[in-house]
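Step one of this worksheet: look at the structure below.
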Amino acid sequence: MEEKKGGRKGRACVVVLGDIGRSPRMQYHALSLANQASLEVDIVAYGGSEPHAALLANPSIHIHIMQQWPTSRQSLPKILQPIMLLLKPLVQIFMLLYFLCVKITSPDVFIVQNPPSVPTLVAVKWASWLRNSSFVIDWHNFGYTLLALSLGRNSHFVSLYKWFEKHYGKMADASLCVTRAMQHELAQNWGINATVLYDQPPQFFHPASLEERHKPLGVRDCASDGTSLMGSHFQNETLFTAEAGSDIYVKPNRPALVVSSTSWTPDEDFSILLEAAVMYDRRVAAILGEDDSLDEEVIWKEISDGKQCLYPRLLFVITGKGPEKEMYEAKIKRLKLKRVAFRTMWLSAEDYPLLLGSADLGVCLHTSSSGLDLPMKVVDMFGCGLPVCAVSYSCIKELVSVDKNGILFSSSSELADELLMLFKGFPDECDALKVLKNGALETGSSARWATEWEEHAKPLITKARSFSSAMLYRDFDYDSSKLTLTSIKFD
């Protein structure tokens, strides 16, 4: 986009009332605004996790970190806890207004992530009024449905939250959303016309090369027992790959690497995956006629030494942070598994694509509080050519094409059946898995974030900026003419 009148470069502000390092879609917005729209970009958000290196290295992107509200209230007397809950949105709205109206340079357009809706939409709308800026909402989900997970749909507070979300949502100058199902809901029941901007993987999500797969990724914490044999005793060897001279090769008796990314929240029932892992473990033991007394370390050592079986060992790597993580880690440690192991990890934005690009299968447990959004983690998996097993819900087929790039499941038993079907004969004779992998590669290469953003988001944001500029110059001309008339009268 061209520079504005007077030589000032156009400007946008991306607003996230959350950890910017854990908001990939808004990071991609910022990169596109800077690189594809040639704008100066301010990001106003909370800290916590490191954003992608591309954001930090971009001279046109300026990150402003707000102080986060304390999450722990256990030390407070019970009588004060409701007061603190009421104070939280008040403090947040004043902090947002300070950053949006004082701290940053006046932008042409604000782009805000929803949810959370309260107090974000209120603060950004007021700031857009005060600064003659356009107000654009990117609808990722509905805030009131997330709140209903803890308070229930019939809660008066949820109803009030929905009213605020709808009232201020309709005030936006333009809206983006993540699915056609959400677009229809917004149009029919909210009176909001939104443009669908599907999540797409950026260029740094791609299948990992042999050299990249041979690099070990740092494990922050371990959530399974009996895993001392998971590593290698040799410097030129990993659990999955080995180096002979200048050649790197994938081990034929390696375990299958299954990745699941989770926010460890109630809308992802992680117990489904744990139960499926137990079922896989027991069914394989029954098929192979193994004695229940056989020690798990014996099995892992036999296979590590070269023994191959009809069904592989499974290594589940679970990434992410969230409130229920410790509870599930404790459950994992109590499992008695012989052919399945778990790792929990927190990876940097640069290492996460390498993990996905090295894996054999992705598992998605996202169910959506509204049933109208899509899991971005699956988009990232497709970008790396990684097929998925995903929980089935209303609009998931907008993303997952069954038997082409993934499979859907509704229970732990179904997921266990799929794991047995996909990994039978692994790694060379698992034809069903290979078909899905080819489909995931095709899906991931067919569209990228930059292309999708250029086609759907850029025209909308250009139009919003033009409207903002027109309003600004109209107000300036009106004030100037009024000043001139006043001067003539007094002369």
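The values are calculated or read from the model by the stated rules, or taken from the named source; none is laboratory data. Note that the structure is predicted; figures quoted are calculated from it, not measured. Cβ placement follows ideal geometry from the backbone for every residue including glycine, while neighbour counts extend to all protein chains displayed.
Tell me, which helices (runs of 4 or more DSSP H) wholly within segment 401-491 include 3 or more residues that are small (Gly, Ala, Ser) and at pLDDT 60 or above?
412-423, 431-446
Going through (1) small (Gly, Ala, Ser); (2) crowded, with 24+ Cβ neighbours inside 10 Å; (3) out of contact with any strand residue (DSSP E or B) (no Cβ under 6 Å at 6 or more places or on another chain) one by one, residue 32 falls short only on (2). Among residues of segment 257-286 that are part of a loop (DSSP other than H, G, I, E, B), those with a Cβ under 6 angstrom from a residue that is of a type in the set (Ser, Thr, Tyr), sequence gap 6+ or separate chain, pair up as 267/367; 267/369; 270/328.
Residues in segment 321-339 that are surrounded by 20 or more Cβ atoms within 10 Å (Cβ to Cβ) and outside any helix (DSSP H, G or I): 337, 338, 339. The set of residues from segment 372-390 being outside any loop (DSSP other than H, G, I, E, B) and under 19 Å from residue 354 (Cα atoms) comprises 376, 377, 378, 379, 380, 381, 382, 383, 388.
Which pairs have Cβ atoms under 9 Å, sit 6 or more apart or on different chains, and link a residue in segment 49-69 that is more than 18 Å from residue 104 (Cα to Cα) to one that is among the basic types (Lys, Arg)? Final answer for the pair search is 49/22; 49/321; 69/88.
Do we find that residue 342 is surrounded by 20 or more Cβ atoms within 10 Å (Cβ to Cβ), touching a residue at least 60 places away in the same chain (Cβ under 8 Å) and part of a helix (DSSP H, G or I) in this structure? No; evaluated as a whole, the condition is false for this residue. Within segment 251-263, the only residue that satisfies the criterion of being farther than 24 Å from residue 211 by Cα and either at pLDDT below 85 or in the same structural domain as residue 152 (by TED's automatic domain parsing) (or both) is 263.
Answer yes or no: is there a residue in segment 367-389 that is more than 28 Å from residue 238 (Cα to Cα), modelled with pLDDT of 95 or more and touching a strand residue (DSSP E or B) at 6+ places or on another chain (Cβ under 8 Å). There is no residue in segment 367-389 that is more than 28 Å from residue 238 (Cα to Cα), modelled with pLDDT of 95 or more and touching a strand residue (DSSP E or B) at 6+ places or on another chain (Cβ under 8 Å).
The rows are residues; the columns are (1) more than 25 Å from the chain's Cα centre (by Cα); (2) at pLDDT 95 or above; (3) not assigned by TED's automatic domain parsing to the domain that holds residue 29.
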{"position": "172", "(1), (2), (3)": "no, yes, no"}
{"position": "179", "(1), (2), (3)": "no, yes, no"}
{"position": "195", "(1), (2), (3)": "no, yes, no"}
{"position": "217", "(1), (2), (3)": "no, no, yes"}
{"position": "220", "(1), (2), (3)": "no, no, yes"}
{"position": "234", "(1), (2), (3)": "yes, no, yes"}
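Does residue 59 qualify as being at pLDDT 95 or above, part of a loop (DSSP other than H, G, I, E, B) and surrounded by 20 or more Cβ atoms within 10 Å (Cβ to Cβ)? Walk me through it before giving the result.
Working: at pLDDT 95 or above: yes; part of a loop (DSSP other than H, G, I, E, B): yes; surrounded by 20 or more Cβ atoms within 10 Å (Cβ to Cβ): no.
No; evaluated as a whole, the condition is false for this residue.
If the condition is being exposed (fewer than 15 other Cβ atoms within 10 Å of the Cβ) and part of a loop (DSSP other than H, G, I, E, B), then segment 165-203 contributes 170, 191, 193, 203. Figure legend. Inter-residue proximity from segment 100-125: first residues touching a residue at least 24 places away in the same chain (Cβ under 8 Å) and not assigned by TED's automatic domain parsing to the domain that holds residue 368, second residues acidic (Asp, Glu) and part of a loop (DSSP other than H, G, I, E, B), beta-carbon distance below 9 Å, spacing 6+ or different chains. Indicated pairs: 109/173.
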